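The values are calculated or read from the model by the stated rules, or taken from the named source; none is laboratory data. Worth saying up front: this structure is predicted, and the values here are computed from it rather than measured. In this analysis, Cβ positions are derived from the backbone assuming ideal geometry, glycine residues included, and neighbour counts consider all displayed protein chains.
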Amino acid sequence: MCIQNCLKDHSIPLDNFVGFSSNTTNVMVGKKHSVFSLLKDQNPAIVCVKCSCHSIHLAASKACLKLPRSVEDLLRDLGAHFSRSFARKCALIEFQKYFQTEIHSILKPSNTRWLSLKSCVDRVLEQYPALEA
C-alpha cells in the first residue's frame with residue numbers, strides 16, 4: 001500500500017499512528033479492504049475519525065431531500081435564466097444598482113460542491129429586492 005511505503009521511506013513506524021481521518025467513502029473507511037481497514041490490520045489501536053465537513057454535507061443533503069423539490073428547481077431555474085443571457089445579466093445589474101444591493105451573479109446549485117444549496121439561497125435572499133422587481 002502506498003501509505004505504508006511512504007511511512008517506510010520516511011522511517012515512520014506504523015505503530016506511531018494513533019488515528020486516521022478521511023472522507024466517508026467505502027474505499028477509505030469501509031469494512032473490507034479499505035485504506036483504514038488495511039491500516040487497522042497492521043495496527044489494531046488506530047482510530048478512525050471521519051471528515052466532519054463530509055459528514056455535515058451528507059446530513060444536509062439528506063435534509064434537503066425533505067424540502068419541496070420546487071425550492072431546488074427555483075434555484076436552478078433562476079441561475080440558468082441569468083447565466084444564459086447577457087441582456088438579462090445587464091438588466092439584473094441595473095436593478096441591483098437601483099435597489100442598492102451588492103452586484104453579484106445568481107448562483108446555480110451544484111451536485112458536486114458541498115453545501116452549494118445554502119450559498120444559492122443566501123444569494124437569492126441577498127438579491128431579493130432586485131429579483132422581485
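Counting only residues that are surrounded by 13 or more Cβ atoms within 10 Å (Cβ to Cβ) and in contact (Cβ under 8 Å) with a residue 24 or more places away in the chain, the stretch 47-70 holds 8 of them.
Report yes if some residue within the stretch 1-19 is within 18 Å of the chain's Cα centre (by Cα), surrounded by 12 or more Cβ atoms within 10 Å (Cβ to Cβ), in a helix (DSSP H, G or I) and without any contact (Cβ under 8 Å) to a residue 40 or more places away in the chain; otherwise report no. Checking the stretch 1-19: not a single residue is within 18 Å of the chain's Cα centre (by Cα), surrounded by 12 or more Cβ atoms within 10 Å (Cβ to Cβ), in a helix (DSSP H, G or I) and without any contact (Cβ under 8 Å) to a residue 40 or more places away in the chain. Has the stretch 36-48 got any residue that is under 30 Å from Cys6 (Cα atoms) and either in contact with a Cys (Cβ under 7 Å, 6 or more places away or on another chain) or aromatic (Phe, Trp, Tyr) (or both)? Yes, because at least one residue in the stretch 36-48 is under 30 Å from Cys6 (Cα atoms) and either in contact with a Cys (Cβ under 7 Å, 6 or more places away or on another chain) or aromatic (Phe, Trp, Tyr) (or both).
Among residues that are more than 26 Å from Pro109 (Cα to Cα), in a strand (DSSP E or B) and not acidic (Asp, Glu), Phe36 is not included. Within the stretch 71-112, the set of residues being among the charged types (D, E, K, R), surrounded by 11 or more Cβ atoms within 10 Å (Cβ to Cβ) and not in a helix (DSSP H, G or I) comprises just one member, Lys108. Among residues of the stretch 114-133 that are at negative phi and in contact (Cβ under 8 Å) with a residue 24 or more places away in the chain, those with a beta-carbon under 9 Å from a residue that is basic (Lys, Arg) and part of a helix (DSSP H, G or I) at least six positions away or on a different chain give the pairs Cys120/Arg76; Ala130/Lys97. Taking into account only those residues within the stretch 49-63 that are touching a Phe, Trp or Tyr at 6+ places or on another chain (Cβ under 8 Å) and under 23 Å from Leu39 (Cβ atoms), which is modelled with the lowest pLDDT? For the stretch 49-63, the residue satisfying everything is His54. Taking the conditions (1) over 30 Å from Pro13 (Cβ atoms); (2) assigned to a loop (DSSP other than H, G, I, E, B) in turn, Val124 satisfies each one other than (2).
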